[in-house]
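Peer 1: The structure's right below; bear with me while I get my questions together.
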Amino acid sequence: MHKDQLPQHVAIIMDGNGRWAQARGMSRTQGHLEGVKRVEEIIKTARDTGIKFLTIYAFSTENWNRPQDEVSMIMRTFIMVLGQKAKELAESGVRIHFIGRRPGVPTEVLAAMDQASNLKITNPRMVLNVAFNYGARAEIVDAVKLIAQDVAQGKLQADEVNEEIISSRLYTKHQPDPDLLIRTSGEERISNFLLWQLSYAEFYFTEKCWPEFTEEEFAKALTAYAQRDRRWGKVKISNV
């Protein structure tokens, strides 16, 4: 695939770990652990393919409502994976950036996140956005609050607020919007993920659960994207 056909920014909703495990008589914990393997594989594949930005939906603001033992397991796994893989990713040119609200996140998790995001990158190749304690509506609320503060302090006039101003207050500021959204497990909704940023993204849904979403499946999504005709709301004029 020619580099001009590649999406610059890919966003992924990694869905179906628990269902995949239960369908095989395994625990949900085993499903999450298998899902971690796919995360590592897809990050490396995206980097090597030439994707510049990859955003993964790791833990939503709604996920706190899951059973406490499952939430605790996810937190422990998250800390473990960051401790084991963050340095390796940094050395391979992947900068980790966390998006989401920090209040409410356990202190030990925040410490692991800060350590991972502060690692030195000598040869940057890709930015990995990890959406953790993330909700798109919450993100927009936070952006509106920042803009309101600037208006109240006289740093910004209300009539100066435009799309660029709003984008610059989002968690993904200074990054291009996603070109492609991938969701696994057969669900066809975006579940409060990047509501503003996905305005013109192409969507790719697959029946595969996340633990089944291999490098080959990722390639299928990129191929499907390359075949799309992106018009950005315009009408394509034929020369015939």
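Peer 1: Compute a Gaussian network model of the chain, connecting alpha carbons closer than 10 Å, and tell me which residue from D179, D142, D229 fluctuates the most.
Peer 2: Highest fluctuation among the options: D229.
Peer 1: What is the sum of charges around R228, taking Lys and Arg as +1, Asp and Glu as -1, for the other residues whose C-beta is under 12 Å from the C-beta of R228?
Peer 2: -1
Peer 1: Now a separate question. By accessible area of protein heavy atoms, probe 1.4 Å, what ranking do W196, W210 get, highest first?
Peer 2: In descending accessible area the options line up as W196, W210.
Peer 1: Could you please state how large a percent of the accessible area of the chain is carbon and sulfur, counting protein chains only and using a 1.4 Å probe?
Peer 2: For the chain, the apolar C and S fraction of the accessible surface comes to 50 percent.
Peer 1: Counting only helical runs of four or more DSSP H residues, what would the 222 nm mean residue ellipticity of the chain come to if each run contributes -39,500 (n - 2.57) and the total is spread over all its residues?
Peer 2: -13000 deg cm²/dmol
Peer 1: Any idea what log10 I(q)/I(0) is at q = 0.11 Å⁻¹ for region 1-86, Debye with uniform C-alpha scatterers and no solvent?
Peer 2: -0.37
Peer 1: Same structure again: Output ³J(HN,Hα) for region 183-188: one whole-Hz value per residue in order, computed from phi by the Karplus curve 6.51 cos²θ - 1.76 cosθ + 1.60 with θ = phi - 60°, and x for Gly and Pro.
Peer 2: These are the phi-based 3J(HN,Hα) values: 10, 9, 6, x, 7, 10 Hz.
Peer 1: For region 115-223, state what percent of all Cα-Cα pairs lands in each successive 5 Å bin, counting from 0 Å until the bin that includes the largest distance.
Peer 2: Taking all Cα pairs of region 115-223, the binned fractions are 2, 9, 16, 17, 17, 15, 12, 6, 3, 2, 0 percent.
Peer 1: Over region 91-176, what relative contact order in percent results from Cα pairs under 8 Å that are six or more residues apart?
Peer 2: It comes to 34 percent, rounded to a whole number.
Peer 1: Residues with amide H under 5 Å of I12's amide H, sequence separation 5 or more or different chain, H placed in the peptide plane at 1.01 Å from N; which?
Peer 2: The answer is T55, I56, Y57, I182.
Peer 1: Got a number for the accessible area of I182? Probe 1.4 Å, square angstrom, nearest 10.
Peer 2: Looks like 0 Å² after rounding.
Peer 1: If you wrap a convex hull around the Cα atoms of region 1-51, how much volume per residue is inside, in Å³?
Peer 2: 80
Peer 1: Which value, in Å to one decimal place, does the Kirkwood hydrodynamic radius take for the chain when every pair of different Cα atoms is included?
Peer 2: 19.1
Peer 1: Right, here's the next one. What's the center-to-center distance, using Cα atoms, between region 155-176 and region 1-31 in Å?
Peer 2: So the two Cα centres are separated by 31 Å.
Peer 1: Tell me the per residue accessible area of region 125-222 using a 1.4 Å probe; a whole number in Å² is fine.
Peer 2: The answer is 49 Å² per residue.
Peer 1: Scan around I96 for amide H atoms under 5 Å from its own, H built in the peptide plane at 1.01 Å from N, and keep only partners 5 or more places away or cross-chain.
Peer 2: L128
Peer 1: Under 23 Å between C-alpha atoms is the cut-off here; go through the chain and count lysine pairs that meet it, provided they're at least eight residues apart or on different chains.
Peer 2: Eligible lysine pairs with Cα atoms under 23 Å apart amount to 27.
Peer 1: Here's a follow-up. Keeping all protein chains in place and using 1.4 angstrom, which order do M80, M113 fall into by accessible surface area, from largest down?
Peer 2: M80, M113
Peer 1: Taking K and R as +1 and D and E as -1, what net charge do the other residues with C-beta under 10 Å from the C-beta of E40 add up to?
Peer 2: +2
Peer 1: I'd like the Karplus ³J(HN,Hα) series for region 74-91: coefficients 6.51, -1.76, 1.60, θ = phi - 60°, whole numbers in Hz, and an x wherever there's a Gly or Pro.
Peer 2: 5, 4, 4, 5, 4, 4, 4, 5, 4, x, 8, 10, 4, 5, 4, 5, 4, 5
Peer 1: I would also like to ask the following. Determine the equivalent ellipsoid of region 45-163 by diagonalising the alpha-carbon gyration tensor, then write out the semi-axes as square roots of 5 times the eigenvalues, largest first, rounded to whole Å.
Peer 2: With the √(5λ) rule applied to region 45-163, the semi-axes are 29, 22, 13 Å.
The values are calculated or read from the model by the stated rules, or taken from the named source; none is laboratory data. Here the structure is a predicted model, which means the values were calculated and not measured. Note: ideal-geometry Cβ built from the backbone for every residue, glycine included; neighbour counts use all protein chains shown. These accessible areas exclude ligands, DNA and RNA; they are computed on the full protein's heavy atoms, side chains included. Shrake-Rupley method; radii C 1.70, N 1.55, O 1.52, S 1.80 Å.
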